[in-house]
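Step one of this worksheet: look at the structure below.
Just so it is clear, none of the values below were taken in a lab; they were calculated from the coordinates. From a predicted model like this one, the values you see are computed outputs, not experimental measurements. All Cβ positions, even for glycine, are placed from backbone atoms using ideal geometry, and neighbour counts span all protein chains on display.
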Amino acid sequence: MAKETEERERVVLGLKGGGGLPLKLSTADRTRLFDSLEKGDWIDLDDEDGPVRVNCSQVVYVRSESEEHRVGFGLG
């Protein structure tokens, strides 16, 4: 299980058939998830609320909120 003080990133997995699975993952688990998505493997992740097993072949999108939030409409 991850350390209590470890910062987690919010990730939402969109699944075939609809619905989404919101997760809060460590940076290491997020990286492992992205690697597994390319292969379509099963992966065990340590969510903030407990362990989760994901079939990556059933994931149709990933929304990650790890990037810094910015205010405004400009691209620069």
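Quick notes on this structure:
- The listed peptides 46-55, 23-32, ordered by packing as a protection proxy, come out as 23-32, 46-55 (highest mean of other Cβ atoms within 10 Å first).
- Kirkwood estimate for region 9-57, i.e. one over the average of 1/r between Cα atoms, Å: 10.9
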